[in-house]
Amino acid sequence: MGEIPRSLYRLRTRVIHAGQPNDGPTGAVTFPIYQTSTFAQHEPGVHRGYSYARTDHPTREALERCIASLEGARFGLAYASGMAAINGVLVLLRAGDHVVATRDLYGGAWRIFTKVYRKFGVDFTFVDTTDLAEVASALRRKTRILWIETPSNPLLGITDIAGCVQLARNVGALTVIDNTFATPCLQQPLLLGADLIVHSTTKFINGHSDVIGGAIVANDSDLYAELKFFQNAVGAVPGPQDCFLTLRGIKTLPLRVASHCTGAREIATWLSQHPAVARVYYPGLPSHHGHELARRQMSDFGSIISFELAAGLPETLIFTKSLRLWTLAESLGSVKSLFCHPPTMTHASMEPQVRRSVGISDGLIRLSVGLEDPADLIEDLEQALAAVAPCVASEEV
Ligand SMILES: Cc1ncc(COP(=O)(O)O)c(C=O)c1O
């Protein structure tokens, strides 16, 4: 099929070619959508590599190979959502196993850990993984997985991946990195020793807010075989159209991520100088506690920014209603700039006291900087902050 060796080309070439050869029978230069659920067999059990689309599917395989290649991995698996990919890893666990996880992680991950897998006898400890001492003291003999989000959602904490891998190996645990925020363009955790990577491909990888999807990548063939078994057994796989759209999005991933990062840097700097803003969380700012580590571990700082207004919840809600160009919506990583209020949206599934204890305040806003002109995005933020300013001033009187 003219498959290219995975490590031969640079990322910008791999997003276009990896897993996506020109179509053999027709020469179509874009990998086709094979809209079929099953495949003809020559005789019982003898087929051309595809028997049933839940098990293996050519368009899905193209996507899986491409994502694996971008992460410098041997194997990729695609899922119907990021949560299905997260579940695709968690099914490796058994009752009695223990997991150590980043404490400010995506609310849906926290929900499946605490509300689903705890019920099956899996134990979870949430720690500030930016502090290796905290990670070391949480790991136990029964720890099977060290689960890390870096940058974390929504506080953009930066965790030392290589440092965590060493600690996890000491107790025989796997290190799993949710690389959704960074994408393989900015950070390649397997090269730092991690065992598995999960992605919500819904975000930057697809990048156009029109597909829900997820992926796992791995290097170890035994681990891959186990994951592949569960992928087929559980069946939360994406359809061919979604795989095709995700592959279309991937082709511009490096260009989009570079432009997202440029815009985010400008906006984070501007926000950090605005008097109505109390605190900005962005690893690209020298004031961010993970800035130096992010410089070493990532090739740029991403385009998610969180910030707190120098005001209370009512003013924060006025701010959310005043933005015009930014769209109030769950999700991130799209060409269109989105923003959310984590306490009531992405992290609403966390109990309020847990949320506050990990530092997610009621006044927190998370921005996902899109590809619009940053000057327009800043002007919109400016007018929304101005709408809040009179309320703050009247409270001060
Ligand atoms: C970091 C992270 N991981 C996983 C997920 C879950 O992905 P999905 O919504 O595609 O199921 C999300 C969703 O927002 C996320 O932000």
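The values are calculated or read from the model by the stated rules, or taken from the named source; none is laboratory data. No experiment lies behind these values; they were computed from the predicted model shown. Every residue, glycine as well, gets a Cβ built from its backbone with ideal geometry; the counts of neighbours run over all protein chains shown. The accessibility values were calculated without ligands, DNA or RNA, using every heavy atom of the protein model including side chains. Shrake-Rupley method; radii C 1.70, N 1.55, O 1.52, S 1.80 Å.
The table below gives the values:
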read-out	value
Helix runs (DSSP H) in the chain reaching 30 Å along axis by Cα, Kyte-Doolittle at least -0.5	374-396
Protection proxy ranking, peptides 193-203, 372-382, 290-300, 54-64, average beta carbon neighbours within 10 Å, highest first	193-203, 54-64, 290-300, 372-382
Hydrodynamic radius of the stretch 126-252 per Kirkwood, over alpha carbon pairs, in Å	15.7
Candidates ALA84, ALA258, ALA268: whichever shows maximal mean-square fluctuation once the chain is modelled as a Gaussian network with Cα springs under 10 Å	ALA258
Alpha-carbon gyration tensor eigenvalues x 5, square-rooted, for the stretch 136-179, Å	20, 9, 9
Reachable aspartates and glutamates, given that their alpha-carbon falls under 13 Å from the alpha-carbon of LYS115 and they are not under 8 places away in the same chain	ASP123, GLU351
Largest to smallest accessible area among ASP97, ASP222 [probe 1.4 Å]	ASP222, ASP97
Relative contact order [Cα under 8 Å, 6+ residues apart], the stretch 226-369, whole percent	21
Cα-based convex hull, the stretch 98-165, per residue volume (Å³, whole number)	65
Rounded Å value of the spacing that divides the Cα centres of the stretch 4-78 and the stretch 189-264	14
Cα-Cα over 26 Å, subset of LYS119/LYS228; LYS251/LYS336; LYS142/LYS203	LYS142/LYS203
Orientation-averaged projected area, Cα convex hull of the chain (nm²)	20.2
All-pairs alpha carbon distance profile, the stretch 1-118, 5 Å steps from 0, percent	2, 9, 15, 16, 15, 14, 12, 9, 6, 2, 0
Cα point-scatterer Debye curve for the stretch 210-314, base-10 log of I(q)/I(0) at q = 0.10, 0.14, 0.16, 0.23 Å⁻¹	-0.51, -0.82, -0.91, -1.14
Computed lengthening from ASN170 to LEU92, 0.36 nm per intervening residue step minus Cα-Cα distance	26.1 nm
